[in-house]
1. How many residues, within the range A:61-102, are within 14 Å of chain B (Cβ to nearest Cβ) and either at pLDDT 95 or above or open to solvent by less than 40 Å² (accessible area, probe 1.4 Å) (or both)?
2. Looking only at the range B:50-68, how many residues end up being within 11 Å of chain A (Cβ to nearest Cβ), open to solvent by 60 Å² or more (accessible area, probe 1.4 Å) and part of a helix (DSSP H, G or I)?
3. Here's a check for you: in the range A:126-166, which residue that is open to solvent by 10 Å² or more (accessible area, probe 1.4 Å) and of a type in the set (A, V, I, L, M) is farthest from B:THR467 (Cα to Cα)?
4. Are any residues in the range A:218-236 touching a helix residue (DSSP H, G or I) at 6+ places or on another chain (Cβ under 7 Å) and surrounded by fewer than 17 Cβ atoms within 10 Å (Cβ to Cβ), and if so, which ones?
5. Answer yes or no: is there a residue in the range B:50-61 that is under 30 Å from the mean Cα position of the chain (by Cα) and either within 21 Å of B:GLY185 (Cβ to Cβ) or not assigned by the TED database to the domain that holds B:LEU386 (or both).
6. Could you check the range A:296-338 and list, in sequence order, the residues that are part of a loop (DSSP other than H, G, I, E, B), assigned by the TED database to the domain that holds A:PRO269, among the aliphatic types (A, V, I, L, M) and open to solvent by less than 50 Å² (accessible area, probe 1.4 Å)?
7. If you take just the strands (runs of 3 or more DSSP E) that sit entirely in the range B:346-449, which of them hold at least 1 residues that are open to solvent by 50 Å² or more (accessible area, probe 1.4 Å) and in contact with a Ser or Thr (Cβ under 9 Å, 6 or more places away or on another chain)?
8. From the list A:VAL239, A:VAL299, which one is under 30 Å from B:SER52 (Cβ atoms), in contact (Cβ under 8 Å) with a residue 60 or more places away in the chain and in contact with a Leu (Cβ under 9 Å, 6 or more places away or on another chain)?
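The values are calculated or read from the model by the stated rules, or taken from the named source; none is laboratory data. Treat the numbers as computed from the prediction; the structure is a model and nothing was measured. For neighbour counting, all protein chains shown are included, and Cβ atoms are generated from backbone atoms with ideal geometry for every residue, glycine included. Each accessible area value is taken on the protein alone, full model and side chains, heavy atoms only, with ligands, DNA and RNA left out. Shrake-Rupley method; radii C 1.70, N 1.55, O 1.52, S 1.80 Å.
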Amino acid sequence: MKKSVFLGAATVACLGAGAAAAQTLESVQENGVLNCGVSTGLTGFSSPNASGEWEGFDVGICRAVAAAVLGDPMAVNFVPTTGQTRFTALASGEIDLLARNTTWTFSRDVDLGFSFAGVNYYDGQGFMVPRALGVSSAQDLDGATVCIQTGTTTELNLADYFRVNNISYEPVPIETNAEAQQQYLAGACDVYTTDASGLAATRASFENPGDHVILPEIISKEPLGPLVRQGDDQWADIVRWTLNALIAAEEYGVTSTNVSELASGTDNPEINRLLGSEGELGAMFGLENDWAQQAIAAVGNYGELFEQNIGESTPIGLARGLNAQWTDGGLMYAPPFR
Amino acid sequence: MATTTDPHRAGFRLSQLVYDTRYRSMTIQIVALVALIVAGWWLVANVVQNLSALGKDFDFGFLSSRAGYDINQTLIAYDNSMSHGRASLVGILNTLLVAFMGCVTATVLGVIAGVLRLSRNWIVAKLMAVYVEGFRNVPLLLWIVLIFAVMTESTPQPRDFRVLDDGTSAASMLLGDTIAITNRGVFIPAPVWGSGALVLGLVFLASLVAIWAYRRWAFARQERTGQIAPVFRVSLVLFLVPTILVFLFMAFLSDRQTLVAYGGADGQDLAGFAQALGPDGRVTACVVPGTTQALLVRRALRNSDANFSLVEVADGEAAIAAAEAGECNLISQPPGVDPATIPAGGFALSDGIRSGNPVEFDVPVLGGFNFEGGLQVRNSLIALWLALSLYTGAFIAEIVRGGILAISRGQSEAAFALGLRPNRTMNLVILPQALRVIIPPLISQYLNLTKNSSLAIAVGYMDVRATLGGITINQTGRELEGMLLLGGFYLGLSLLISGVLNVYNNRVKLKER
């Protein structure tokens, strides 16, 4: 009898735990803080600055979501994750959102049980070598020692690429970007391979960036994007449309400086719906109607976010390339706000 | 009126389960057991429910799917098209390798340091105290990372070995250009077994048996007559001399192999053949990988300054077939081949190559990016091995010291009174008795070392934690299954080690008759 009571209680507890997992928005609003998983430090994407504050392109996504959900871009608890720990952290509920230059792949989306909220950076895997080696193509890398971050898609792409091209290599598995940088600079590996954006960011932090070349070959498609746990569609929608709002804002010319002015109403109904002066879009997923306005005011539109953190005016110096708006020949394309 | 003196035979009452001391302990145990089972069941049910809520099943099928990643140190054949199970096995062998090497070195270090810490020489004793306290009191992970960092930062890169135009190089190889210490690891000559290797191995085994028999005889004679035979010197001679003699004999007998070139002309030698191919031509040699013949062909090609590449084939017949199909233009034929039977289209070159000793050494040579050939002992293995040995060695030193101190002084005084010198006293009187005290805690040190080897991740050593517990879990998302397998492996290995050592402990422990 007592046993059955206990078991009943246990079952209820289990069900309760299951139900809680589907209510990320409520738990974030209740805690008043967004737990956001980022990298352990990749200049331009997510790294702490001199005063210990996290900043970067991926960090911007976290702040935009926090602004949309909580109205406060600073209400984010950043959780540094490595390539190996990120998925466990997300699946276990330690973080609500993972914005850590993570590649969107079929098995991660389907088998690992995550939902990708879109793509914030279209990337591809590249190689960096010291200029002194005189290597001009990845095809010349036969017998080279290659540093890779273990637990990433780059590890698998590398194996495939070298297999297809019948080139031998020696992999050196490394846990974090900082370690990889140290090993590469010490010459313990000839080549460092990761996403081309990561290579540019890493090279920018070197003492003599000019001594290193990024080889022309891009050996994979790496669409990087924020992701959430599968099964909470409301939360996935919030993250997806926050990202879309930033992209759409750039398309319609909404910036962090003019957003408050435009929010009072414009002639363009699309902008009005986006910024909440018309329609009830925010209420549809349980937020205030000015959610997108908050997000844009906090971090700027997609273009501003890009230029501030990784664009051509920064030491990292990445061109927009594939990440330009679709109107400029890129792939950034937000569905309509309607 | 009838009075009864029989004991009261009332039936069993439920309250007895609590108030009767005969039943109470049993009741408590049963309640505890039920509580334990319920708690376990609750945990399992919780996991199952949460997994199904996440849409995940419990399945070990991932072990047979394609791994897709490469591993740098493989003791068995592995490439990225093999399964996750195979990758796990590679990791397991790497774990076993570093655990075994670590246990051996830690024991040697520990015994030496433990004995020396009791030395009457003040400096030696204090040095050992510094070693023990230094390693025992600093976390192992720090030592691993420190040793790795020192090896990476303070040793030259492979390209520093390149000889520049002015004839100098920033770094050079050791021991007659056979060993290279680089920041990617130490490259040492690797043995390649030739045709006579089996005979050589048997001779070596026979000499081991002879050493064992001789020691038995020497011991029995000492027991009987008190005469001491020179065990160490004779053992050393038995260990080395027969094997070396047989090796030299076989090397003396070895014949020359014929190199057969396709598209060459009679009477050419290898260098002439290479030159005749022109500046853009390339000698492609079909060789069977892992044989002395392949090694010698490569060495000959290197010495002839030819522009060459090697094509790997399965065996000698495949080499002929490949050459006739035009896939390569050089093969080597076994010694004593009749020139008339040389395959169609081929010409025997005038300079053959040696057919090879039973054992040839594949010496590392600087190639494009790295040293090629030889055996690469990676820095990650060295760092992990050294750190594990030094760290566990410090604990073993204390165990050994404790074991020695546990033997009463009277034992050594009695030995001295009998005229035994100090090192014989230690080897014959003190250590055998101390072993009884040393072995049980030693077992747990071995277990510690084995489990600590999972810190390999810090230096990128590909042990089972890094393959199965790292990349495989990350690529397949099977955390629970992977961690269960990993836990099961370490549990099984630990039980095996302690089982084996317990058998040994039962042999050396004090037997009471």
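1. 13
2. Counting residues in the range B:50-68 that are within 11 Å of chain A (Cβ to nearest Cβ), open to solvent by 60 Å² or more (accessible area, probe 1.4 Å) and part of a helix (DSSP H, G or I) gives 2.
3. Per the stated criteria, the residue is A:ALA132.
4. Listed by number, the residues that qualify are A:ILE218, A:GLN234.
5. Yes, because at least one residue in the range B:50-61 is under 30 Å from the mean Cα position of the chain (by Cα) and either within 21 Å of B:GLY185 (Cβ to Cβ) or not assigned by the TED database to the domain that holds B:LEU386 (or both).
6. Selection gives A:ILE310, A:ILE316, A:LEU318, A:ALA324.
7. Result: B:359-362.
8. When all the criteria are applied, what remains is A:VAL239.
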